[in-house]
Amino acid sequence: GFYPLCRRLQVNPVKMLAAVGLPSTVLRSTDLMISYNAFAELFNEAADSADFPLFGLAMSTYQGLKTFGPLGMLAGESQTIADSLAIIQKYFHFHASGVSIELTI
């Protein structure tokens, strides 16, 4: 969703990638890994360039539970939203190491 969102906001996605030192090939391959720092820098750069502080939130509309792989499938089969969130919180470290999720009701 990065490319279409940038285009919708009239920001050049290739320039955004270059600004944080990433190659444009990340737009064509879903298997390339980038560091969390580069990911955060990219979203911040795009948000600043588009003058749209909610860039990251807007990106989430292009995602679904499939983004989480098997964890998303497990969460999607939960009986309630609370159960789904609890599963994601408990097992998210398998999806993205170094990330911690805290849920507050």
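The values are calculated or read from the model by the stated rules, or taken from the named source; none is laboratory data. Quick caveat: nothing in here was measured; it's all calculated off a predicted structure. Cβ atoms come from the backbone with ideal geometry, glycine included; neighbour counts cover every protein chain shown. Only protein heavy atoms, including side chains, enter the accessible area calculation; ligands, DNA and RNA are left aside. Shrake-Rupley method; radii C 1.70, N 1.55, O 1.52, S 1.80 Å.
Counting only residues that are open to solvent by less than 80 Å² (accessible area, probe 1.4 Å) and either touching a His at 6+ places or on another chain (Cβ under 9 Å) or among the aliphatic types (A, V, I, L, M) (or both), segment 73-84 holds 2 of them. When restricted to residues that are closer than 17 Å to GLN63 by Cα and open to solvent by 70 Å² or more (accessible area, probe 1.4 Å), segment 8-31 contains 4. For segment 88-104, check the following and say yes or no: at least one residue is assigned to a helix (DSSP H, G or I), among the charged types (D, E, K, R), more than 13 Å from the chain's Cα centre (by Cα) and under 29 Å from PRO23 (Cβ atoms). No - not one qualifying residue is present in segment 88-104. Do the conditions hold for ASN12, that is, is it farther than 12 Å from PHE55 by Cα, among the polar types (S, T, N, Q) and at pLDDT 95 or above? So ASN12 fits the description; yes. Residues in segment 21-56 that are within 21 Å of SER97 (Cβ to Cβ), of a type outside the set (Phe, Trp, Tyr) and either touching a residue at least 12 places away in the same chain (Cβ under 8 Å) or part of a helix (DSSP H, G or I) (or both): LEU22, VAL26, ILE34, ASN37, ALA38, ALA40, GLU41, LEU42, GLY56. Restricting attention to segment 57-87, the residues that are outside any helix (DSSP H, G or I) and of a type in the set (D, E, K, R) total 1.
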